[in-house]
Amino acid sequence: MADNQPNTKSEVQGEGDHKAARRYNEATREFVQEEDVAEAARDAQPQSDGEQQQLERAEQVGRERAKDEDPLLDRPEDIKTGKNNPK
């Protein structure tokens, strides 16, 4: 098969790439276990009022494009238990 031909056997399965999701989940789990998450959160805070305003505007734009709010935003405790059905 020529290099410019698409691979007929796609590694993308259904809604997404399961291997990539697994790598992401493992890296996230490792980060949470081995790094100082609170320090990383402090380091990620906006450095100025202007940056804070940019972040708030970006969040607003993202929310405007979303179909619905994630119901887990109102019930973060359900994230840990795996419940994701709206009450």
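Restricting to segment 56-82, count the residues that are among the hydrophobic types (A, V, I, L, M, F, W, C) and within 15 Å of the chain's Cα centre (by Cα).
Here is the first cut: in segment 56-82, the residues among the hydrophobic types (A, V, I, L, M, F, W, C) are 58, 61, 66, 72-73, 79.
Okay, now just the ones that are also within 15 Å of the chain's Cα centre (by Cα), so 66, 72-73, 79.
Counting residues in segment 56-82 that are among the hydrophobic types (A, V, I, L, M, F, W, C) and within 15 Å of the chain's Cα centre (by Cα) gives 4.
Considering only segment 56-68, state which residues are farther than 17 Å from PRO46 by Cβ and open to solvent by less than 100 Å² (accessible area, probe 1.4 Å).
ALA66, the sole residue that qualifies.
Restricting to segment 37-53, name every residue that is surrounded by fewer than 10 Cβ atoms within 10 Å (Cβ to Cβ) and either in contact with a strand residue (DSSP E or B) (Cβ under 7 Å, 6 or more places away or on another chain) or outside any helix (DSSP H, G or I) (or both).
Scanning segment 37-53 gives GLN45, GLN47, SER48.
The values are calculated or read from the model by the stated rules, or taken from the named source; none is laboratory data. All values derive from a computational prediction rather than experimental measurement. FYI the Cβ positions are ideal-geometry reconstructions off the backbone, even for glycines, and counts take in every protein chain you see. Quick note on the areas: whole protein, heavy atoms, side chains included, nothing else; ligands and nucleic acids left out. Shrake-Rupley method; radii C 1.70, N 1.55, O 1.52, S 1.80 Å.
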